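**Student:** Can you read through this structure? Questions will come right after.
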Amino acid sequence: LVQGTSVNWPAHDLPYRIALFSSGLLGGLLAALLANKYLTFHNAMTGTFFVWLLLSIVLNIYVPDAANVLVLPLIVATLIYVLASFFNEHINRYIVLLSLILVVPSTLGLVLPLENTQGYRLIFVTMPCIALFMTIFVPLIHGANLKLPLTATTITLAAAIIVAISSPLYSEHRPQHVNIIYFENLDEAQGYYWLQHSNPLPKNLQSVYEWSSEQKPLLPFSKYEHSNWVQTEASGFKGAEYTISSDVMHDNGRTLELTLTSPRNARAIQLVLPGIAKLNTFKLGGIEFEPQPIAGNIDDSYYFLRIEGVYDRQVPLTLELESSLPFEAFLIDLSTELPQSAQKLLQQRTKLLSPQHSGDRAILIKQIEL
């Protein structure tokens, strides 16, 4: 909230990590205060086991693959607790500590892997693990004097939060993710730049162009409306090309054989067919596929065939259509090669900014009649 945004992996994650663990510990210590007031050691420990048992049953019913995270530590901890009951009160608490051998890996042991893989935008997924550990931790410190730990934990948490909000969000090793996307409608010789990002852009990148805040679809077949785009000159790139090898009409519709190529050796070619084409199956490299529906912001009245790894290859594609009517389709060429005009943006994308996933892309679109 203070930084005005959140990132998955901040440049300096140590203060965030300290805040995460100290806030969990503070919650556990506050719970221990209540436990000291209203529960005995054995009340708290038995209650914890019942909580774990109920959660194990729920996981076993709804997410059985995850149930072992709780079931195995629960069985072992219960057996250790039973064993401890044969000893006097002073000794049995130390024996119960042995249950942490399996409890810690299945609770706290998952926090850092989840933090590393999910990031701080999904940091809440670590909190059940911390909370589960605290359910065991609270009984184990039953009766202890908690004044000093509470004070130290509160100070640590406050200091970690202050350092976290004072630290920069990005560094050269953990830069902000910004993809430069170029769209061009080859039929109209119009190009657009759009910056794909999930965090506020720095001023130096915003100042390159006068970005429009108008919501506008930049793809003729997509429902998704882009904002922060700018119109620019055409790239001069040649789009994907096609030749018709065979076009055979039959009782069930039509078999259309195409060869697709990319004059600029693009990474991928996409063929977008309208629903009226009634695509039944298609063959790529002699292997037959059925078209699959896709979800998202793309118009579901189209079929999308995307061929990756094209480069200098000729792509033979056979379409089995249940309609013999001619139709207009879109042929798209996708490459990481940006037009020369992108140099203005690239120069301002400093070491604190970096592309991610599919990276920068130039998407050239043209309409064809089949």
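**Student:** Go through segment 341-355 and give me each residue that's exposed (fewer than 14 other Cβ atoms within 10 Å of the Cβ) and closer than 19 Å to TRP9 by Cβ.
**Tutor:** Of everything in segment 341-355, just one residue is exposed (fewer than 14 other Cβ atoms within 10 Å of the Cβ) and closer than 19 Å to TRP9 by Cβ, namely LYS351.
**Student:** While we're on this one: Among the candidates TYR209, TYR193, single out the residue that is of a type in the set (Ser, Thr, Tyr) and either part of a loop (DSSP other than H, G, I, E, B) or touching a Leu at 6+ places or on another chain (Cβ under 6 Å) (or both). Steps first, answer last, please.
**Tutor:** Values: TYR193 fails: either part of a loop (DSSP other than H, G, I, E, B) or touching a Leu at 6+ places or on another chain (Cβ under 6 Å) (or both).
Exactly one of TYR209, TYR193 is of a type in the set (Ser, Thr, Tyr) and either part of a loop (DSSP other than H, G, I, E, B) or touching a Leu at 6+ places or on another chain (Cβ under 6 Å) (or both), namely TYR209.
**Student:** Then there's this: Keeping to segment 300-323, report how many residues are exposed (fewer than 14 other Cβ atoms within 10 Å of the Cβ) and more than 34 Å from the chain's Cα centre (by Cα).
**Tutor:** Our first condition is that a residue be exposed (fewer than 14 other Cβ atoms within 10 Å of the Cβ); within segment 300-323, this holds for 300-301, 306, 308-309, 311-314, 322.
This time we only want the ones that are more than 34 Å from the chain's Cα centre (by Cα), so: 322.
The total comes to 1.
**Student:** Return the residue satisfying two criteria in turn: it lies in segment 94-106 and is farther than 15 Å from LEU132 by Cβ and open to solvent by less than 70 Å² (accessible area, probe 1.4 Å), and of such residues it is nearest to the chain's Cα centre (by Cα).
**Tutor:** Selected residue: VAL96.
**Student:** I'd like to know if segment 15-36 contains one or more residues that are more than 21 Å from PHE124 (Cα to Cα) and of a type outside the set (A, V, I, L, M). Spell out the reasoning first.
**Tutor:** Here is the first cut: in segment 15-36, the residues more than 21 Å from PHE124 (Cα to Cα) are 32-36.
Among the residues that remain, those that are also of a type outside the set (A, V, I, L, M) are: 36.
Checked segment 15-36: at least one residue is more than 21 Å from PHE124 (Cα to Cα) and of a type outside the set (A, V, I, L, M).
**Student:** Give me the pairs: first residue in segment 352-370 and over 30 Å from GLU257 (Cβ atoms), second residue in a loop (DSSP other than H, G, I, E, B), beta-carbon distance under 6 Å, and six or more apart or on different chains, which are they?
**Tutor:** Filtered contacts from segment 352-370: LEU352/TYR170; LEU352/PRO175; LEU353/PRO175; SER354/PRO175; GLY359/THR336; ASP360/THR336; ASP360/LEU338.
**Student:** So, in segment 1-23, of the ones that are among the small types (Gly, Ala, Ser) and within 17 Å of ALA131 (Cβ to Cβ), which residue ends up most open to solvent (accessible area, probe 1.4 Å)? Step through it out loud before you land on a result.
**Tutor:** Restricting attention to segment 1-23, the residues satisfying the condition of being among the small types (Gly, Ala, Ser) are 4, 6, 11, 19, 22-23.
Pick out the ones that are also within 17 Å of ALA131 (Cβ to Cβ) and you get 19, 22-23.
On the way: ALA19: 19, SER22: 9, SER23: 54 Å².
So, considering only residues that are among the small types (Gly, Ala, Ser) and within 17 Å of ALA131 (Cβ to Cβ), the one most open to solvent (accessible area, probe 1.4 Å) is SER23.
**Student:** Can you confirm whether PHE289 is among the aromatic types (Phe, Trp, Tyr) and without any contact (Cβ under 8 Å) to a residue 40 or more places away in the chain?
**Tutor:** Values: among the aromatic types (Phe, Trp, Tyr): yes; without any contact (Cβ under 8 Å) to a residue 40 or more places away in the chain: yes.
Yes, satisfied.
**Student:** Something else now. Which ranges mark the strands (runs of 3 or more DSSP E) fully within segment 235-277 that have 3 or more residues being open to solvent by 60 Å² or more (accessible area, probe 1.4 Å) and in contact (Cβ under 8 Å) with a residue 40 or more places away in the chain?
**Tutor:** Values: elements: 241-250, 253-261, 268-274.
Qualifying strands (runs of 3 or more DSSP E): 241-250.
**Student:** Can you tell which of LEU34, LEU26, LEU83 is at negative phi and open to solvent by less than 90 Å² (accessible area, probe 1.4 Å)? Don't jump to the end; show me each part of the working.
**Tutor:** Working: LEU34 fails: open to solvent by less than 90 Å² (accessible area, probe 1.4 Å); LEU83 fails: open to solvent by less than 90 Å² (accessible area, probe 1.4 Å).
LEU26 is the lone residue from the list that is at negative phi and open to solvent by less than 90 Å² (accessible area, probe 1.4 Å).
**Student:** Within segment 213-222, is there a residue that is without any contact (Cβ under 8 Å) to a residue 12 or more places away in the chain, closer than 30 Å to GLU369 by Cβ and either in contact with an Asp or Glu (Cβ under 9 Å, 6 or more places away or on another chain) or open to solvent by 20 Å² or more (accessible area, probe 1.4 Å) (or both)? Break it down into steps so the answer makes sense when it comes.
**Tutor:** First, pick out the residues of segment 213-222 that are without any contact (Cβ under 8 Å) to a residue 12 or more places away in the chain: 217.
Imposing the further condition that a residue be closer than 30 Å to GLU369 by Cβ reduces the set to 217.
In the following step, the residues that additionally are either in contact with an Asp or Glu (Cβ under 9 Å, 6 or more places away or on another chain) or open to solvent by 20 Å² or more (accessible area, probe 1.4 Å) (or both) were identified as 217.
Yes - at least one qualifying residue is present in segment 213-222.
**Student:** Shifting gears a bit: When the residues of segment 151-168 are narrowed to those that are surrounded by fewer than 19 Cβ atoms within 10 Å (Cβ to Cβ) and under 25 Å from the mean Cα position of the chain (by Cα), which ends up farthest from SER23 (Cα to Cα)?
**Tutor:** We begin by selecting, within segment 151-168, every residue surrounded by fewer than 19 Cβ atoms within 10 Å (Cβ to Cβ); these are 151-152, 154-156, 158-159, 161-163, 165-168.
Those left that are additionally under 25 Å from the mean Cα position of the chain (by Cα): 165, 167-168.
Details: ILE165: 16, SER167: 19, PRO168: 22 Å.
The residue in question is PRO168.
The values are calculated or read from the model by the stated rules, or taken from the named source; none is laboratory data. A quick note: this is a predicted structure, and the numbers were derived from the prediction, not measured. Counting neighbours? That spans all protein chains shown, and the Cβs are built from the backbone with ideal geometry, glycine included. Remember, those area values only see protein heavy atoms, side chains included, never the ligands or the DNA or RNA. Shrake-Rupley method; radii C 1.70, N 1.55, O 1.52, S 1.80 Å.
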